[in-house]
């Protein structure tokens, strides 16, 4: 992972993120504005992208094609998500059998330094109970 210079704006953005829901950069920007922050939308986009590249922020692509972000719970360790496509709530999941499968498949084809992402989407129990499925 690439080291990211922690500017005042990046620290402010990172502090505003929570680990529960994935939200768009615009949504996080709006949250910052409601707390009196003067960080601009373009800065939020750039900072979220840099923080995602460094592993400090999780990023997923929604069905709409929009990138959604949240603060990373697992630190720098590799992980995957089960995300509600209605409300954005996500839980981190462990898929050890897939990790073994991916490594074996890569080795069989002579690939090294592979990377992958697993994201499962569905409707969470809260949204299902509220009829938002």
For region 11-85, the spread of Cα positions along each principal axis, largest first, Å
33, 27, 19
Ordered by fewest other Cβ atoms within 10 Å, a rough proxy for footprinting exposure, 93, 13 read 93, 13
Mean Cα-pair separation over length for the chain, i.e. relative contact order, pairs under 8 Å, 6 or more apart, %
23
Tell me the angle of helix 41-54 to the major Cα principal axis of the chain, expressed in degrees between 0 and 90 and rounded to the nearest ten.
30
Under the classification rounded if a/c is under 1.5, otherwise prolate if a/b is larger than b/c and oblate if not, where does region 78-133 fall, given a ≥ b ≥ c as square roots of the Cα gyration tensor eigenvalues?
prolate
When averaged across all projection directions, what area in nm² does the alpha-carbon convex hull of region 1-126 cover?
8.9
Is it possible to state the helix-based mean residue ellipticity at 222 nm for the chain, with each DSSP H run of 4+ residues giving -39500 (n - 2.57), the sum divided by total residues, to the nearest 500 deg cm²/dmol? What is it?
-11500 deg cm²/dmol
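Any read-out appearing in this document is the output of simple, stated calculations on the displayed coordinates, not a laboratory observation. The structure displayed is predicted, hence computed values, not measured ones. Here Cβ is always computed from backbone atoms with ideal geometry, including for glycine, and neighbour counts include all displayed protein chains.
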